[in-house]
Structures are given as C-alpha cells and as structure tokens.
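Reviewing the structure listed below.
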Number of protein chains: 2
Amino acid sequence: MNGSAEETANGSAPKKRGRPARTSTAQGPGARDRILTAARAEFAERGYDRASIRAIAKGASVDPALVHHYFGTKEQVFAAAVEVAFAPALSASDTLLAGGPDGVGERLARFILGMYENPATRDPLLAIVRSAVTNETAATVLRNLVTSKLMIRIASELDVPDPELRSELATAQIVGTVLLRYVIKAEPLASADVEKVIVMVAPAVQRHLTGEG
Amino acid sequence: MNGSAEETANGSAPKKRGRPARTSTAQGPGARDRILTAARAEFAERGYDRASIRAIAKGASVDPALVHHYFGTKEQVFAAAVEVAFAPALSASDTLLAGGPDGVGERLARFILGMYENPATRDPLLAIVRSAVTNETAATVLRNLVTSKLMIRIASELDVPDPELRSELATAQIVGTVLLRYVIKAEPLASADVEKVIVMVAPAVQRHLTGEG
C-alpha cells in the first residue's frame with residue numbers, strides 16, 4: 001500500500017512519477033516507510049491540527065523536504081498514514097467477503113474490533129477517529145477513504161436495495177461501538193468481554209448488510 | 001433541569017445550598033440560564049480545551065465569579081451545559097418508553113436523529129460529541145451522564161439479559177449513524193432522507209433493546 005492516489009485507485013504498479021527509486025535516495029532504503037511510521041505517531045500523539053511535517057521528518061530521521069517530496073502536503077501525508085493504518089482492513093475485506101454473505105457481519109465485527117483490541121493498531125486508529133471528528137480536512141480524508149474504498153468493496157457484493165447506505169449503517173454500528181467502548185469508555189461496554197460484544201453486535205451488522213440476522 | 005448533581009440525582013427540590021436566590025442576585029433573574037446558554041455556545045465554538053470561564057461570563061454579561069459561584073469548576077460548567085442539552089432527551093425517555101417495547105427502537109432513532117436535524121439543537125450536541133472524543137474530562141462527563149441517567153432509565157424497562165450492555169449497543173448504532181451522517185458526512189448517508197435513515201436504523205436499535213426487530 002503506497003498511499004498515492006494514482007497507485008491505489010487503479011491497482012497497477014507504481015509509476016514513480018517524479019519520485020526517486022528507493023535504492024537511489026540519499027536517505028537510503030526504507031525512508032518512505034520510516035516517514036509513514038513517524039507520521040502515524042505524530043498524528044496519534046498531537047492530532048491533525050498540531051501535527052507538523054518538521055516533527056514527522058525528525059521522527060523519521062530525514063529532511064522535511066523529503067517528506068514533501070514523497071507525499072506532498074500535510075493533508076496528503078495524513079491520507080497516506082491513514083491508508084497504511086487501514087491497509088489491513090482493506091486487504092482483509094476481500095477475505096471477509098470471500099466467505100459469502102453468511103456470517104459476514106460477525107467476521108467484519110470481529111476483524112474491526114480485533115484491530116482496536118490490539119495495542120499495536122489501536123492508537124493509530126483512534127488517532128484517525130479523533131482527528132476526523134475535530135478537523136474538517138481529516139474528516140474529508142477519512143470520508144473519501146471509507147466511502148470510496150471500503151464501502152464500495154462491501155456494497156458491490158451485496159444483493160440488496162441501497163447497498164452503499166446499508167454498508168454505512170453497518171459501519172455506523174461498528175464505529176459507534178468503538179467510540180463508546182474505546183474512546184468514551186462507557187460501562188459495562190468498555191469492560192465487557194470482546195467476544196461477547198462481537199456476538200451481540202454481529203446480528204445488527206449482518207442485518208444491515210444482507211437483510212438477515 | 002438545574003445541572004447540579006444533588007438536585008438531579010435525587011429528584012427533590014433544589015436545596016440552594018450556598019446559592020443566592022434567583023431574585024436577590026445583583027445580576028438579576030435569568031443570569032443562571034444566560035450562563036448556561038453562553039456556556040453551550042462557547043463549548044460548541046471552541047471545544048472543551050479552549051473554552052474559558054471568562055468568555056462564558058462575558059457572553060452571559062455576568063462576572064466570572066458568578067459562573068464559579070453557580071457551577072464551580074470548568075468541568076462542572078461543562079457538565080451542566082451538557083445536561084441542559086440532553087434534558088429534552090432525558091425527559092423524553094419516559095415518553096419514548098411509555099409506549100411499551102413495540103416500536104421503541106424507531107421512536108428512539110426518530111427522536112435522537114430529529115435533534116440533530118434541528119439546527120437549534122444540532123450544534124450543542126455536536127460540540128459534546130467532539131469534546132468527548134478529544135478531551136478526557138469531557139469524555140468522563142458524557143460517560144457519567146449517559147451511563148448513569150439515560151442508560152439506566154432505558155435498561156430498567158428492558159426485560160432481557162444484559163439490559164445495560166444492550167442499551168449501549170443500541171446507543172452505539174445511533175451515535176455511529178450521527179457521526180457518519182453529521183460529522184464525517186459520508187455519502188450517501190449524509191444526503192439520505194432522514195425518514196429513510198430512521199426506518200433503516202430502527203430495526204437494529206429495536207433488536208438490541210428487545211431482542212426483536
């Protein structure tokens with residue numbers, strides 16, 4: 001997952017337009033990944049508004065100009081960092097859907113809540129939710145990503161009326177559960193066994209997606 | 001709805017402990033309501049972290065000392081402002097539940113989404129969601145309010161296992177829908193007819209609350 005629009009939209013090989021080959025950059029191989037890692041940490045810690053390209057560059061041990069060179073504006077850096085954080089979900093959506101409609105609600109709920117249960121993936125995901133709620137730019141990035149990628153993938157598999165709207169209402173159930181459990185920490189939801197939560201959430205998700213539950 | 005803990009918790013008449021009678025204050029009657037109105041506007045515009053007692057006092061045309069006198073700390077001012085914004089929901093919850101379990105999911109969805117459709121109530125409610133997502137103090141206030149008041153009222157009427165957990169998962173469906181529709185503005189959800197959204201959300205809410213849908 002490379003994070004530039006033209007690469008992910010058409011799924012073809014990177015064109016490397018105006019971009020140095022990884023092995024030829026003075027920063028050495030891996031600089032791009034280090035920048036994305038540093039960007040996730042910076043956005044997670046400081047939120048979109050207060051995050052700075054300078055701090056991201058410092059965290060990645062590169063010159064700020066290289067951050068701009070690879071990704072462009074701060075908004076584009078954020079989009080790339082978000083896309084990396086969502087990459088497991090996007091690549092998993094094929095697997096989740098491959099099993100057919102039966103039980104897709106439970107598989108989806110288990111997968112997404114599982115990412116929030118995992119400390120390694122929880123913080124960047126929470127940073128995205130927090131930034132998107134408070135910053136219009138971050139909200140646009142998340143909106144475009146959710147509606148244009150994840151939703152279209154799920155909706156395309158659904159043989160029901162209003163597949164996109166249904167996908168979003170299924171997402172709403174999961175996002176709302178994430179918000180109350182991991183951000184607001186409302187009890188008893190926050191302390192409930194995650195497996196119990198998954199089983200209780202799954203029928204609502206399933207019903208939205210397939211009309212059954 | 002007065003907003004101080006001792007008055008709302010036991011439902012008895014205000015004790016006015018250490019508080020001047022409304023008609024005897026130099027600020028004149030109505031100062032308390034003006035402070036709450038100004039507080040809602042300030043928290044909505046600037047968020048919890050950047051809101052100031054001084055600005056709230058100025059907006060209400062009172063001395064900052066009177067704000068502290070009536071409500072105490074900034075956190076307590078926020079709690080009171082939130083409680084006022086939630087007051088229609090809290091007083092309506094009796095009405096919503098009075099109709100019995102049949103259709104309670106749809107009545108709840110219609111009522112809450114209706115508050116977000118109304119420009120007069122949308123902004124303070126969105127301010128609460130935004131503050132709660134980004135500020136730990138605001139999250140605690142919202143958590144205590146939701147779990148201790150609204151949830152207990154709803155849960156107490158449910159004759160199902162895990163009534164509080166079920167109430168929270170129903171809330172999660174509605175809160176997630178609010179988030180995607182009004183904050184993230186994901187399409188087609190953001191532009192969908194609200195009545196259509198209510199009808200599609202209602203069965204999930206109903207199923208959480210009563211096990212039927």
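The values are calculated or read from the model by the stated rules, or taken from the named source; none is laboratory data. In this text the structure is predicted, and so the values were computed from the model without any measurement. Note that we place each Cβ from the backbone using ideal geometry, even for glycine, and neighbour counts take in every protein chain shown.
Looking at A:L158, is it buried (at least 17 other Cβ atoms within 10 Å of the Cβ), among the hydrophobic types (A, V, I, L, M, F, W, C), assigned to a loop (DSSP other than H, G, I, E, B) and modelled with pLDDT under 85?
It is true that A:L158 is buried (at least 17 other Cβ atoms within 10 Å of the Cβ), among the hydrophobic types (A, V, I, L, M, F, W, C), assigned to a loop (DSSP other than H, G, I, E, B) and modelled with pLDDT under 85.
Looking only at region A:107-149, count every residue that is surrounded by fewer than 22 Cβ atoms within 10 Å (Cβ to Cβ), more than 11 Å from the chain's Cα centre (by Cα) and among the aliphatic types (A, V, I, L, M) and tell me the total.
Adding up the residues that qualify gives 3.
Considering only region B:161-177, state which residues are modelled with pLDDT of 90 or more and of a type in the set (A, V, I, L, M, F, W, C).
Answer for region B:161-177, where residues must be modelled with pLDDT of 90 or more and of a type in the set (A, V, I, L, M, F, W, C): B:L165, B:L169, B:A170, B:A172, B:I174.
Given the criterion at pLDDT 85 or above and surrounded by 12 or more Cβ atoms within 10 Å (Cβ to Cβ), identify the matching residue among B:G47, B:G59, B:G3.
B:G59
How many residues are more than 7 Å from chain B (Cβ to nearest Cβ) and assigned to a helix (DSSP H, G or I) if we restrict to region A:161-173?
Here the count works out to 4.
Checking the conditions here, which among A:V67, A:V77, A:V84, A:V104 is buried (at least 16 other Cβ atoms within 10 Å of the Cβ), under 14 Å from the mean Cα position of the chain (by Cα) and over 19 Å from A:N135 (Cα atoms)?
When all the criteria are applied, what remains is A:V84.
Please specify each residue of region A:181-196 satisfying the condition of being part of a helix (DSSP H, G or I) and crowded, with 23+ Cβ neighbours inside 10 Å.
A:R181, A:L189
A quick yes/no check of all residues on (1) of a type in the set (S, T, Y); (2) more than 28 Å from B:V77 (Cβ to Cβ); (3) away from chain A (no Cβ under 11 Å):
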residue: B:L108; (1), (2), (3): no, yes, yes
residue: B:E117; (1), (2), (3): no, no, yes
residue: B:E136; (1), (2), (3): no, no, no
residue: B:A186; (1), (2), (3): no, yes, no
residue: B:V194; (1), (2), (3): no, yes, yes
residue: B:V197; (1), (2), (3): no, yes, no
residue: B:A202; (1), (2), (3): no, yes, no
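Checking B:G72 against (1) modelled with pLDDT of 85 or more; (2) on the phi < 0 side of the Ramachandran plot, which test does it fail?
(2)
One line per residue, one yes/no per condition, for (1) within 20 Å of the chain's Cα centre (by Cα); (2) free of Cβ contacts under 8 Å to residues at least 60 places away in the same chain:
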residue	(1), (2)
B:E164	yes, yes
B:S167	yes, yes
B:A172	yes, yes
B:G176	yes, yes
B:R181	yes, no
B:P188	no, yes
B:A192	no, yes
B:V199	no, no
B:Q206	no, no
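Failed condition for B:A89, given (1) modelled with pLDDT of 85 or more; (2) closer than 30 Å to B:V205 by Cβ, with all others met?
The single condition B:A89 does not satisfy is (1).
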